[in-house]
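Accompanying notes for the structure given below.
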Protein chains: 2
Amino acid sequence: MNDPLRLGIAGLGTVGTGVVRIIRQKADLLARRAGRPVTISAVSARSRGKERGVPLGDYAWEDDPVALARREDVDVFVELMGGHDGTAKEATEAAIAAGKDVVTANKALLAHHGHALALEAEAAGRVIRFEAAVAGGIPVIKALTEGLAGNDMTRVMGVMNGTCNYILTRMQSAGLPYEEVFQEASDLGYLEADPQLDVGGIDAAHKLSLLASIAFGTQVDFGSVQMEGIGAITIEDITHAADMGYRIKLLGVAQMTGSGLEQRMTPCLVPATSPLGQLEGGTNMVVLEGDNVEQIVLRGPGAGMGPTASAVMGDVMDIARGFRMPAFGQPAAGLKQAQPAEGGTAAPYYLRMSLTDKPGALAKVATALGDAGISINRLRQYDHSGPDAPVLIVTHKAARGDLDRAMAAMPGLGVVTNLPIALRIESV
Amino acid sequence: MNDPLRLGIAGLGTVGTGVVRIIRQKADLLARRAGRPVTISAVSARSRGKERGVPLGDYAWEDDPVALARREDVDVFVELMGGHDGTAKEATEAAIAAGKDVVTANKALLAHHGHALALEAEAAGRVIRFEAAVAGGIPVIKALTEGLAGNDMTRVMGVMNGTCNYILTRMQSAGLPYEEVFQEASDLGYLEADPQLDVGGIDAAHKLSLLASIAFGTQVDFGSVQMEGIGAITIEDITHAADMGYRIKLLGVAQMTGSGLEQRMTPCLVPATSPLGQLEGGTNMVVLEGDNVEQIVLRGPGAGMGPTASAVMGDVMDIARGFRMPAFGQPAAGLKQAQPAEGGTAAPYYLRMSLTDKPGALAKVATALGDAGISINRLRQYDHSGPDAPVLIVTHKAARGDLDRAMAAMPGLGVVTNLPIALRIESV
């Protein structure tokens, strides 16, 4: 048997504990598969005394993750602390500088510093792997970087925040308003400490920016992701969308357009019968489209101890087997700076607004849309008891710029009584 | 730039031509991703003069694939000829003996000789990779062998023959009988030269046996796959199943049971709302279940030039990147001989039969089932114009042995006027 691969694990929350458990329980299986034992030399976490349900006495303890990252007896630094600055970044850089490979589940760190870290790792001849950072247990980084390496990718899409998908599907199935389901999700512990990471789309946008970098050979550009959360989605939107054969999803889309890289993480309408439309609850789904492979759809748990630890172990096993590759699938030094797309690709849109119940109100809206070059495909005015009439419009394909112009004009018409909402209808 | 990886491609049908095209069109991209150029030294096919729509003049030509496999200027032998004996086997063995790595799309070859070839390759320090042999463009071997390497797999399932799924879903959507849709599929060129490979379940069973070997660490055991084709499925079965909320799929299932390895490739009922139930047309789907990852579902094109060539290129790129691993995810010498499960896991079954329209007929059937220890969950007798009454029964969970006993008793009851059919209802 060859030398063991020795891990230093920083962070013993759910995922870290899950990784320790797998390595303890499956020592023989992992060694057979990797051709060498996988062992843990040392661990680190905020609180040493906390009961974690797994024995840690065999491992050296470090209070300081940076010290852990530099230990002589560590080959791979496993970063499961989280946070995009501070200790996680410092320890990761220390590990690379000390000649360690890195496995991390930290999407925020990579979305903000992935390119710089990849450059550092390559200069040091080390690898960084981050399967667990995107879509939990689904081996999507592997599929994209390795399995589909013979493709020019054309589009990457995904529902990559389970909490948002839980909220949206629960609103639909239980007929409950957003606020109530948000509270439920909070009570169930589904939300991050800062809920905007989830419902604001930030967490999912982190993931999208990583997939986009790999798919299109560009430097990670999280700052250019067009981002909208799900907070403005009402139960009426969900019901009306369903009436028309759609589901509302917080959908990430990345594609290379004539004017540059388009990256969006926004609530979209997708056909109810599509795999994305059928996705219920906290499950994640990623759709990978390439010029040769056409379309691959991957679906699985986006979070949780077992699935996320499974993804971490996939990376650890790759390193144990000697698989070495640049973080984003090609040398970071050769990745082009992303040129953000202007305006983005055209699409039909779903519009929802309330109008004063006066003659001519609808005509004013229709005229404003027409003036912006947007034509109406379907329109529904719903029965109403109050003074305002809820109106839904599905447009024909419209440029984002035209749509923004039309939406900006709405308040000035004197007939729109709410903040109108516009959701893209994505062809999936 | 490092030394190129030099391919010898045997077989220039759809897939081989697709691989040549990718390597010609994406030379720069592939070199960036692999860290070295990927080139073609020589090719081989049955007919040299045939027009294939891609220039071959840059490559040496070999009439004999075995000679191709042994060429000095070939690092990887790409076997795209097909057939489980004869030249494909001989050339693959020659390649290994000559110190070449092998990439193949040949499921039949591996289902029959995979274990022996893996042993030969390991003895020679060479790798065999076969992503394209299972589920076309879906990187399922990679997901299972690498991405999920930190799991004990609990079950592997899949719809892995696009032609069968096309036939079954087309029967349902167009309301056409099997024979007619079979003829359509034949006219469209969807069927293998020997259609039993498709509709008899053989091709899909080849694939299942490869997944089972990887998932459960056993030697490929194609001979033990319980196999039933789709030829006995009627439009009535499909309609009745739909009435009850099910779809009929040619479903492969492999799982380790208390009595050994269960491998089945049989028509099954699955819930219409499940990802498998929703799978339409020629698309493939594989479901991977592991103790940590829970459930991963992969969906994509199961055949075609682009998707299959994409899978071949995934393997080629792995070799170019220096990823080296035993064919079935752990050393072949350590794979246990599979112990076929006795009887298999219990499940509810769907039964369809015709009864003589006489008092007491149904009672006789119910008694025969009861005598075999099988209890009835749902029963429907349909309106009928002819002399025989079509009867559908859904049983409670039954052991396969009990079911076989009951079905064997049916003809002797004197009231069943057709050959009754029994389809397993799989919980997915």
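Output, in nm with one decimal and in ascending order, the distances from the residue B:245 label point to the matching label points of the other copies (7 Å from Cα along Cα-to-Cβ).
Result, one decimal in nm: 2.5.
Ordered by packing density, taken as the mean number of other Cβ atoms within 10 Å over each peptide's residues, highest first, how do B:208-214, A:351-357, B:336-342, B:51-57 rank?
My ranking of the peptides, most packed first, is B:208-214, A:351-357, B:336-342, B:51-57.
What nm distances, shortest first, do you get from the label point of residue B:152 to those in the other copies when the point sits 7 angstrom along Cα to Cβ?
4.8
Mean projection of the alpha-carbon convex hull of region B:26-176 over all orientations, in nm²? Please report the intermediate quantities before stating the final value.
Working: hull surface 52.4 nm².
Approximately 13.1 nm², given one-decimal rounding.
Which residue in A is nearest the A/B rotation axis when you measure from the C-beta atom, and what is the distance in Å?
Nearest Cβ to the rotation axis, residue and whole-Å distance: A:323, 2.
For residue B:404 and residue B:50 in the same chain, what is the full-extension length gain: residue separation times 0.36 nm, less their Cα-Cα distance, in nm?
Result: 122.3 nm gained on full extension.
On the full set of protein chains, 1.4 Å probe, figure out the accessible area of residue A:142 and give it in Å² to the nearest 10.
Rounded to the nearest 10, the figure is 10 Å².
If contacts are Cα pairs under 8 angstrom and at least 6 residues apart, what is the relative contact order of region B:1-144 in percent?
21
What's the average, rounded to a whole number, of partner chain beta-carbon atoms within 10 Å of each residue's beta-carbon in A:264-275?
The shielding value for this peptide is 1.
Do you know the relative contact order of chain A, to the nearest whole percent, from alpha carbon pairs under 8 angstrom that are 6+ apart?
For chain A, the relative contact order is 16 percent.
Could you report the accessible area of residue A:291 in Å², rounded to 10, computed with a 1.4 Å probe on the protein chains as they sit in the structure?
80
For residue B:273, go 7 angstrom from Cα along the Cα-to-Cβ vector, then report the distances to that same point in the other copies in nm, smallest first.
Going from nearest to farthest copy, the values are 1.8 nm.
Going down the list B:142/B:249; A:100/A:142; A:89/A:249; A:142/B:107; B:100/B:207; A:89/B:142, which pairs span over 27 Å between their C-alpha atoms?
Listed pairs above 27 Å: A:89/A:249; A:89/B:142.
Would you kindly derive the ³J(HN,Hα) couplings of region A:411-420 from the backbone phi angles with the Karplus curve 6.51 cos²θ - 1.76 cosθ + 1.60 (θ = phi - 60°), listing them in order in whole Hz, with x for Gly and Pro?
Karplus values, whole Hz, x for Gly and Pro: x, x, 6, x, 10, 8, 9, 10, 7, x.
Please report, as a whole percent, how much of the solvent-accessible surface of region B:1-139 comes from carbon and sulfur atoms (probe radius 1.4 Å).
That share works out to 45 percent.
Rounded to the nearest 0.05, what FRET efficiency do residue B:85 and residue B:63 give with R0 = 25 Å and r taken as the Cβ-Cβ distance? Could you check?
With R0 = 25 Å, the Cβ-Cβ based efficiency is 0.80.
What net charge do the residues around residue A:177 carry, taking every other residue with its C-beta under 14 Å from that of residue A:177, with Lys and Arg at +1 and Asp and Glu at -1?
Once positives and negatives cancel, what remains is -4.
Compute the relative contact order of region B:102-176 as a whole-number percentage, counting only Cα pairs closer than 8 Å that sit 6 or more residues apart in sequence.
Relative CO of region B:102-176 lands at 27 percent.
Compare B:28, A:203 by solvent-accessible area with a 1.4 Å probe and give them largest first, with all protein chains kept in place.
These residues rank, largest area first, as B:28, A:203.
At a Förster distance of 22 Å, what's the computed FRET efficiency of residue B:337 paired with residue B:194, Cβ-Cβ distance as r, to 0.05?
That gives a FRET efficiency of 0.15.
Provide the solvent-accessible area of residue B:388, counting protein heavy atoms only and rolling a 1.4 Å probe, rounded to the nearest 10 Å².
Only protein atoms counted, so the area is about 60 Å².
Could you tally the net charge around residue A:298, taking each other residue with its Cβ under 11 Å from the Cβ of residue A:298, Lys/Arg +1 and Asp/Glu -1?
My count for the surroundings of residue A:298 gives +3.
Please list A:224, A:427 in order of solvent-accessible area, largest first, computed with a 1.4 Å probe with all protein chains present.
So, going from the largest accessible area down, we get A:427, A:224.
Suppose we keep just the DSSP beta bridges with both residues in chain A; what percent of those would be antiparallel, to 5?
Antiparallel bridges make up about 65 percent of those DSSP assigns within chain A.
To make sure I understand the rule: partners must be aspartates and glutamates, Cα under 19 Å from the Cα of residue B:364, and not fewer than 8 residues away in the same chain. Which ones qualify?
Of all the aspartates and glutamates, those that pass the test against residue B:364 - Cα under 19 Å, at least 8 places apart if same chain - are B:388, B:402, B:404.
Could you tell me what percent of the DSSP beta bridges with both partners in the protein assembly as shown are antiparallel, to the nearest 5?
Just about 65 percent of them are antiparallel.
At q = 0.06, 0.10, 0.11, 0.12 Å⁻¹, what log₁₀ I(q)/I(0) does chain A have when each alpha carbon counts as one equal point scatterer in the Debye sum?
Taken in order of the listed q values, log10 I(q)/I(0) reads -0.28, -0.72, -0.84, -0.96.
The values are calculated or read from the model by the stated rules, or taken from the named source; none is laboratory data. All of these numbers come straight from a predicted model, not from anything done at the bench. Cβ coordinates were reconstructed from backbone atoms using ideal geometry, including for glycine residues, and neighbour counts include every protein chain displayed. Ligands, DNA and RNA are excluded from the accessible area calculation, which covers all protein heavy atoms including side chains. Shrake-Rupley method; radii C 1.70, N 1.55, O 1.52, S 1.80 Å.
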